[in-house]
Amino acid sequence: MLKRLEYINIDTNSRIPKYKQVMDSIMKSIHMGSLGMGQKIPSINELSEEYLLSRDTVEKAYGLLKKQNIIASVKGKGYYIAKTDLSIQANVLFLINKLSTYKMRIFNSFVNTLGANAKVDLDIYHCEPLVFRDILDKKKNLYDYYVIMPHFKNENLQHMGCTDDILKTIHSIPNGKLIIMDRNLKSLSKESGRIYQDFTEDIYDALTTALEKLNKYKKIMLVYPSKAVYPYPKGIVTGFKRFCIQHAIDYEILDEIYDSMELQLNDLYIIIEEGDLVNLVKQVRDRHYKLGEDIGIISYNDTPLKELLGITVMSTNFKKMGEEAANMILNNNPIDIKNKFHFIDRFSL
């Protein structure tokens with residue numbers, strides 16, 4: 001709690017408005033280190049009575065400090081310091097489900113676009129709903145913005161949707177501070193930002209784009225891990241099946257690329273995990289088959305190495321996803337965007 005005269009300095013003879021003096025006193029105390037992150041400050045009524053100020057004066061000061069995200073209020077508990085680095089224009093929590101090459105490309109693009117006047121903390125919840133909720137419960141009043149990738153797993157290590165408890169936790173974040181990435185949560189307010197993939201439609205549209213080339217293959221295998229530490233959205237399977245059924249294409253869904261696969265000429269594999277891609281390419285080469293002629297490969301999500309090796313891919317634009325999320329913050333304009341998904345034809349198809 002603030003102590004009289006030690007933190008608040010009101011000069012009744014000054015021409016500076018008293019609400020501004022309250023603001024300046026609190027910001028000076030933060031700058032000097034007298035007030036720290038999460039520290040409680042007096043209520044509007046307490047400060048008004050202690051310093052003989054009108055309630056409107058203190059309310060105006062607190063309102064402006066809240067608008068700058070310097071203080072935050074918790075219903076029934078009072079006001080707290082929410083920002084201690086006043087040179088930082090935006091204090092952001094970037095919460096992801098796993099640490100991967102793709103996630104880091106999004107993160108790096110996001111940070112680079114925001115620039116030096118933003119502080120971004122990276123946290124990982126490993127697709128665990130309880131860990132996710134615990135992180136947000138502890139940190140939901142400490143940041144100006146929350147950028148969240150909501151992907152979760154159930155007890156069977158399968159990708160699952162957002163439960164009521166997860167949605168309740170997400171909805172507890174003020175709308176104007178929330179940006180959802182990589183997944184479309186339709187229950188969000190228009191004041192929240194969204195930049196997402198549509199996993200079902202994306203793979204369906206990408207394969208449709210390549211239909212002429214796909215027709216030379218007798219069978220298409222989707223290698224989709226049914227159980228994984230970091231499971232993939234089920235929409236990928238849904239879109240793949242819909243494409244194959246609609247075009248009368250023989251298909252099979254495999255959990256992984258096994259050792260000593262029964263490779264047959266004119267088979268096409270759609271690979272999601274990097275380890276499966278490496279294993280399949282090795283087996284194709286060991287048997288002296290030619291990629292794109294004897295065996296076809298399409299990999300999910302692009303990387304510079306896949307480009308170098310000539311691997312055909314289906315991929316969203318990770319750099320663009322990070323940029324768009326950052327621009328929502330820079331422009332204070334949360335919008336709803338479906339990130340572009342591309343089919344990139346190279347030598348393995």
Check the range 116-130 and report whether any residue there is at negative phi and in a helix (DSSP H, G or I). yes
Could you figure out which of (1) in a loop (DSSP other than H, G, I, E, B); (2) within 30 Å of D182 (Cβ to Cβ); (3) of a type in the set (D, E, K, R) isn't true of K103? (1)
Members of the range 266-289 found to be farther than 20 Å from T101 by Cβ and part of a loop (DSSP other than H, G, I, E, B), listed by number: N266, R287, H288, Y289
Apart from one, (1) part of a loop (DSSP other than H, G, I, E, B); (2) open to solvent by 20 Å² or more (accessible area, probe 1.4 Å); (3) assigned by the TED database to the domain that holds M328 all hold for L167; the odd one out is (1)
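Within the range 214-250, can you find the residues that are more than 30 Å from the chain's Cα centre (by Cα) and either crowded, with 16+ Cβ neighbours inside 10 Å or closer than 24 Å to N97 by Cβ (or both)?
Looking only at the range 214-250, we keep the residues that are more than 30 Å from the chain's Cα centre (by Cα), and these are 214-220, 244-250.
Correct list: L214, Y217, I220, C244, I249.
Residues are listed down the side, and each one gets a yes or a no for (1) surrounded by fewer than 18 Cβ atoms within 10 Å (Cβ to Cβ); (2) within 35 Å of the chain's Cα centre (by Cα):
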| site | (1), (2) |
| --- | --- |
| I8 | no, no |
| V22 | no, no |
| L35 | no, yes |
| L64 | yes, yes |
| I70 | no, yes |
| G76 | yes, yes |
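The values are calculated or read from the model by the stated rules, or taken from the named source; none is laboratory data. None of the values given here were measured: they were computed from a predicted structure. Neighbour counts are summed over all protein chains in view; Cβ atoms, including those assigned to glycine, are modelled from backbone coordinates with ideal geometry. The area values use the complete protein model at the heavy-atom level, side chains included, leaving out ligands, DNA and RNA. Shrake-Rupley method; radii C 1.70, N 1.55, O 1.52, S 1.80 Å.
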